[in-house]
Amino acid sequence: ARARRLGEIARQPGARVAIATLVLAQSIMVMLMVITGVHMKDHAHALHDISFVIASHVVGMYALSVFSGRMTDARGPRVAIVSGSLVLLLSCLLAPLSPRVVPLAVSLFLLGWGWNLCYVAGSALLASQLRPVERARVQGMNDLLMGTASAAGALGSGVVFAAVGYRAMALASGGASLLLLLLAHGFRDALPEGAPAR
């Protein structure tokens, strides 16, 4: 089969939702993750406490990947993306409630898990929209977009944190999580619940 042009692929609702999911989830995750250490330093936490919170985040990012994959296979990518969006939203709402170590560790763990759900489901959804001959090129382009989102999120988080503080930044990330949730909800007709990635 011939490889379609990127514009033709981007006209598919599934491909658009998959790429938007991956880029948005990456931005949300990076913005909150990279500045949490600075936030904790402002509250006079020791380095080992900061390390513990970041370690809990990394565990959340990868430890439940098998569960995320099974959910995507069993319930379809839309359900997994909705679930990931809700977990990301919960994380963003919890993060500014307390500067203590345990609440921040829980919030950052949830941030990693929500990202993982969106990443696994979004990647599966994107692959299902592509012909084999297109996958390397389109997934490479998507990785470039995610890398750009990471860089923008990392740089932007410092600016936002300096201007309005951690609470406002977490709530802004929560707003982006709501956008992701609405995006997945609007995708209902294109990929019903229970339809696995093909």
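The values are calculated or read from the model by the stated rules, or taken from the named source; none is laboratory data. Since the structure is predicted, the reported quantities are computational estimates derived from the model, not experimental observations. FYI the Cβ positions are ideal-geometry reconstructions off the backbone, even for glycines, and counts take in every protein chain you see. Note: accessible area is taken over every heavy atom of the protein model, side chains too, but ligands, DNA and RNA are not part of it. Shrake-Rupley method; radii C 1.70, N 1.55, O 1.52, S 1.80 Å.
Between 0 and 90 degrees, the angle of helix 101-128 with respect to the longest Cα principal axis of the chain falls at about 10 degrees. Given the C-alpha centroids of the stretch 88-128 and the stretch 7-45, what is the distance between them in whole angstrom? If you average the Cα positions of each part, the centres end up 10 Å apart.
To the nearest 500 deg cm²/dmol, what mean residue ellipticity at 222 nm is calculated for the chain from DSSP H runs of n ≥ 4 alone, each contributing -39,500 (n - 2.57), summed and divided by the residues? Walk me through the numbers before you get to the answer.
On the way: 8 runs with 159 residues, N = 198.
Value at 222 nm, helices only, nearest 500: -27500 deg cm²/dmol.
Projecting label points 7 angstrom from Cα along Cα→Cβ for ALA1 and ALA46 puts them 5.8 nm apart.
For the chain, the equivalent ellipsoid derived from the alpha-carbon gyration tensor has semi-axes of 31, 17, 14 Å in decreasing order. Measuring r between the beta carbons of LEU178 and LEU155 and using R0 = 22 Å, the FRET efficiency lands at 0.45. For the chain, a simple Cβ point-charge model (Lys and Arg +1, Asp and Glu -1, everything else neutral) yields a dipole of about 620 debye relative to the Cα centre. Would you mind telling me the share, in percent, of accessible area of the stretch 73-198 contributed by carbon and sulfur at probe 1.4 angstrom? Within the stretch 73-198, the accessible surface is 69 percent carbon and sulfur.
Stretching SER128 away from VAL59 to a fully extended chain increases their span by 22.1 nm, per 0.36 nm per residue minus the current alpha-carbon distance. Considering all C-alpha pairs of the stretch 1-84, those separated by over 20 Å amount to 54%.
Residue ranges 24-37, 144-157 sort as 24-37, 144-157 when ordered by packing (mean number of other C-beta atoms within 10 Å per residue, highest first). Cα extents for the stretch 90-194 along the principal axes, largest to smallest and rounded to whole angstrom: 48, 30, 23.
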